[in-house]
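Note sheet for the following structure.
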Amino acid sequence: MNEYAKLADATTIESAEAGVYFIGGEFGPIAEARISILDWGFLRNDTCYDTVTAWKGAFFRLDDHIERFMKSAAGLRMTCPYSPAEVRDILTAVVRRSGIRDAYVQAILTRGRPPLGSRDPRLAKPRFHAYAIPYVWIATPEVRQRGLNMVISDIPRIPPESVNPNFKNFSWLDMDRALMEAYDKGGETVVLVDFDGNITEGPGFNIFFVEGGIVTTPDRGVLEGITRRTVFELCAETNVDCRMGTIAASAAPEADEIFISSSAGGVMPVTIIDGKLVADGAPGPLTRRLTMRYWQKREAGWYATPIDYD
């Protein structure tokens, strides 16, 4: 058992109900989490991260998330100070110390800070951070039941030639601007297009369109989400044709069904897009089936890594 596995055995932090952090090799209650104002993660948004969830006391696809986190770090030319096994133990420790059984957990790597006066990122020492808080949902139970009201933004997504979306990062200013635009129009969430007018992704989720029994998700300018991968697997199990392709924003309102996928909620329906009902305005049968199957399989232990809280 290494150092961070042992830390998971420590006593639960007092007043940790709202969450626990790991910063600079130390654990504490999430309300007291702090990083340096000079860290380029703060000053330049120079970070990578990954989000893994726990449900009923078990992580979902933990190793897949850690593998992607390490690939994101390498892609952004940052070296994580901990091995994949140590990251695994630290994530387990923050959840265990928090006592939270349905948890939203992030591993974050910031660039750190170079010597004062230097602008050379090679001189910075990356810093690893993690936290666990209660599970986060993209939408409320009511909205998940009736379906999201989505707006297609006129603001283009940062192109992959500039920032590769598969290196999971916090470069979200385009999505934040788009989300504010969607709120101004009465929407509840937003999806962005690329410079050719094709659908990409939204803040924290991938999107799927169903037409003629075929499920299509954008193939470019998007994060290859772990829940997105899970949707492909669920479709394969039920002989549903799920593929990647180009989806023009102008064609989106003609879909039979639309749904999104995210670690923050699994599979969730979209029933209004740009002010128009999707089909009859109710969550479609395939969306409902995938949603139910996703949660049934999770609760049955699919891809689960149990957390020992005792």
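Read the figures in this text as sums done on the coordinates, not as results from a lab. Just so you know, these numbers come straight off a predicted model, no measurement behind them. Cβ placement follows ideal geometry from the backbone for every residue including glycine, while neighbour counts extend to all protein chains displayed.
The dipole here belongs to the stretch 141-299: it is taken about the Cα centre, uses +1 on the Cβ of Lys and Arg and -1 on the Cβ of Asp and Glu, and is about 580 debye. Each stretch of four or more DSSP H residues adds -39500 (n - 2.57); spread over every residue of the chain, this sum gives -8000 deg cm²/dmol at 222 nm. Beyond 35 Å, what share of the Cα-Cα pairs of the chain remains, rounded to the nearest whole percent? That tail contains 22 percent of the Cα-Cα pairs. Once you have a ≥ b ≥ c as the square roots of the Cα gyration tensor eigenvalues for the stretch 60-167, tell me rounded if a/c is under 1.5, and otherwise prolate or oblate according to whether a/b is larger than b/c. Note, shape of the stretch 60-167 comes out oblate. Taking the DSSP bridge list for the stretch 141-299 and keeping only pairs wholly inside it, about 60 percent are antiparallel.
Principal semi-axes of the equivalent ellipsoid, √(5λ) from the alpha carbon gyration tensor of the stretch 150-193, are 21, 9, 8 Å from largest down. Modelled label positions at Val163 and Asp102, each set 7 Å beyond Cα in the direction of Cβ, lie 3.1 nm from each other.
Taking the centroid of alpha carbons for each part, the stretch 265-310 and the stretch 230-261 are 13 Å apart.
Isolated cysteines in the chain, defined as those with no second cysteine Cβ under 4.7 Å, comprise Cys48, Cys80.
Counting beta carbons within 10 Å around each of Tyr294, Tyr82 and listing the fewest first gives the order Tyr82, Tyr294. Hydrophobic, long helices, defined as DSSP H runs whose alpha-carbon span along the helix axis is 18 Å or greater and whose mean Kyte-Doolittle value is at least 0.0, occur in the chain at 84-98.
The separation of the stretch 161-221 from the stretch 72-142, counted between C-alpha centres, amounts to 23 Å. Once the convex hull of all Cα atoms in the stretch 3-136 is built, its volume per residue stands at 101 Å³. By other beta-carbon atoms within 10 Å, ranking Cys48, Cys80 with the fewest at the front produces Cys80, Cys48.
If you average 1/r over every pair of different alpha-carbon atoms in the stretch 141-299 and take one over that average, what Kirkwood value in Å do you get? One decimal place: 15.5 Å for the Kirkwood radius.
Compared with the alpha-carbon gap, the fully stretched path from Ala74 to Tyr309 is longer by 81.4 nm at 0.36 nm per residue.
Taking a quarter of the surface of the Cα convex hull of the stretch 138-221 gives a mean projected area of 6.3 nm². By the equivalent-ellipsoid construction on the alpha carbon gyration tensor, the stretch 235-310 comes out with semi-axes of 29, 14, 12 Å, ordered largest to smallest.
Compute the relative contact order of the stretch 95-166 as a whole-number percentage, counting only Cα pairs closer than 8 Å that sit 6 or more residues apart in sequence.
28 percent
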